[in-house]
1. At 1.4 Å probe size, put Ile381, Ile73 in order of accessible surface, largest to smallest.
2. Taking 0.36 nm per residue of sequence separation and subtracting the Cα-Cα distance, how much length would be gained by fully extending the chain between Glu613 and Gln110, in nm to one decimal?
3. Between Asp117 and Ser558, what is 0.36 nm times their sequence separation minus the Cα-Cα distance? Round to one decimal in nm.
4. Please label the shape of the range 24-170 as rounded, prolate or oblate, based on the square roots a ≥ b ≥ c of the eigenvalues of the alpha-carbon gyration tensor (a/c under 1.5 means rounded; beyond that, a/b larger than b/c means prolate, else oblate).
5. Averaging the inverse of every distinct alpha carbon separation and then flipping it gives the Kirkwood radius. What is it for the range 93-145, in angstrom units?
6. Classify the range 497-575: rounded, prolate or oblate, from the alpha-carbon gyration tensor (a ≥ b ≥ c, eigenvalue square roots; a/c under 1.5 rounded; otherwise prolate if a/b is larger than b/c)?
7. Give me the tail of P(r) for the range 318-437 as a percent: Cα-Cα pairs with distance above 18 Å.
8. When the C-alpha atoms of the range 517-630 are aligned to their principal axes, what extent does each axis show, in angstrom, from largest down?
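The values are calculated or read from the model by the stated rules, or taken from the named source; none is laboratory data. These numbers come from a predicted model, not from an experiment. Every residue, glycine as well, gets a Cβ built from its backbone with ideal geometry; the counts of neighbours run over all protein chains shown. Side chains included, ligands, DNA and RNA excluded: accessible areas come from the protein's heavy atoms. Shrake-Rupley method; radii C 1.70, N 1.55, O 1.52, S 1.80 Å.
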Amino acid sequence: MASVHESLYFNPMMTNGVVHANVFGIKDWVTPYKIAVLVLLNEMGRTGEGAVSLMERRRLNQLLLPLLQGPDITLSKLYKLIEESCPQLANSVQIRIKLMAEGELKDMEQFFDDLSDSFSGTEPEVHKTSVVGLFLRHMILAYSKLSFSQVFKLYTALQQYFQNGEKKTVEDADMELPSREESERKMEKEELDVSIREEEVSCSGPLSQKQAEFFLSQQASLLKNDETKALTPASLQKELNNLLKFNPDFAEAHYLSYLNNLRVQDVFSSTHSLLHYFDRLILTGAESKSNGEEGYGRSLRYAALNLAALHCRFGHYQQAELALQEAIRIAQESNDHVCLQHCLSWLYVLGQKRSDSYVLLEHSVKKAVHFGLPYLASLGIQSLVQQRAFAGKTANKLMDALKDSDLLHWKHSLSELIDISIAQKTAIWRLYGRSTMALQQAQLLLSMNSLDSVNAGVQQNNTESFAVALGHLAELHAEQGCFAAASEVLKHLKERFPPNSQHAQLWMLCDQKIQFDRAMNDGKYHLADSIVTGITALNSIEGVYRKAIVLQAQNQMSEAHKLLQKLLIHCQKIRNTEMVISVLLSVAELYWRSSSPTIALPVLLQALALSKEYRLQHLASETVLNLAFAQNVKTMREGTVFSLLYPVVPNRIHTYSSLESQNRP
């Protein structure tokens, strides 16, 4: 997301007890919550080093930055956070705020007059250029510019803030509280991770510029790396609407709204927010301030490019192509090679089903390397590897290409692409039927969950790559009959990626497929038929294939044959070789179960040829088994006819008959 520009100023007003300085251009203002934080800082300065232990001082220092940058929170919540870090200091802060709120207006005036003493002396308590020093100076300046009526409103708001906090504290005291040991264990587990939660955000009015910057950057980071710790889509949208109500031209808030709407697959709202983002970016002049007239055209071409990416994500390929053509036209007029390179990558995405798409992809990788775009170059290499894996290239050549891609990742510290590369290797080994190698790569990725630490102590372990790797892990266990282990992996997936998260569809499809296989193995065909509906909603091709399998198991051969033939034509058209082989195996099984093993043999030979050509070892092994069984059935059928013509036959034919009864699934 683009950096927050310098035009974030809210309209002077008072909402929910928050007093805004009536001076245009002030980026911060005094609130009752910030007065409470100032009291905390003042008490920390007055408390001697011996009164507070080193561990408590460290916890307080870790607590300060989220308190200074985050939104206003309730007084009871603030007391609780301070008490978890230093109970003695929490008591002092509570007494100090109580005396100020229950006293007179001059007590608050005296408090702000005394704040300037923190910078006095040869060894001041606070340095002016430190984070705490800048916060104190901003608050002193904002308070000094308030009129008398605004100071009175601020004091009234402070009294109301204190009363609400006391009422909440009494209510919490009446409830059953956990033991001291449980609280300490919980605090150690959370590691003082003071992230923005719903109750913290909703208690405040409009945010200041710094609070808005912190809120947007943290939520955007959480949406990318750990969606479960971000606000829910409804709560986040509510806060963004509240933020935009006071400053409609805040472009970055529109962009976060776009990301939030993508989570719930809302194409209309996401398009609306994306267009508003670039409109506000152009109207506020944020781009043209630094780039002159070029900034205006830059916003336009990247707006068209992002719109193309949005339409492509939702499957609107025609609209995406039109938007991409517009982005290419504007970029060519401006001679913007970087934008053109991004457009070239999206051209491949839109045309990857064409036979000559690999030429476009190779050209894209070369251009990305030439213009020094390692991120695009790496994605291009991995797309090329994926395409060649589907084309049946040997695994050693693909792994060599991925090794070159990994060198780019480590050289430029592209940790996100390292995860994607390992997930890609897992999928390739599984495609080739090498379950042991796939399992090894999946375990390697899961052990790297602390590779890159991002804001607020969040580890980059809830991305799409981990969902893919865990899904493969569950399916590998299910294929080996370890359904209990697969259920444990899926349970972990559900906790890591809740149903309302954007990557939940990955584990949902795995879960449905495993349930279907288990129901078919148990002979519960009606249960399997009900599961087909869920599979079809997530993957239409997989759903049609599973529906044909159920019909075949229920001896509805004609209906199953019609579905399989339609699916075979469709998969051959879109070049889905793996599904083509699976359909051919099902068609062959349908033939020999219909007493036509002779017809099944050419179909199986076709499936075996495709499996060998594309190096799909698992499907090749399955095809060989089906081929042997079909030949066995054919031999036994011929033996039965021979026994009808000639009463005396060798005992070998009866042996085949017994084998048929034993091996019949």
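1. Sorted by accessible area, descending: Ile381, Ile73.
2. Using 0.36 nm per residue and subtracting the Cα-Cα distance, I get 172.6 nm.
3. The Asp117-Ser558 span can extend by a further 149.7 nm.
4. Cα axes put the range 24-170 in the oblate bin.
5. 12.2 Å
6. Because a/c hits 1.5 or more and a/b fails to exceed b/c, the range 497-575 counts as oblate.
7. 56 percent
8. For the range 517-630, the Cα spread along each principal axis is 35, 32, 24 Å.
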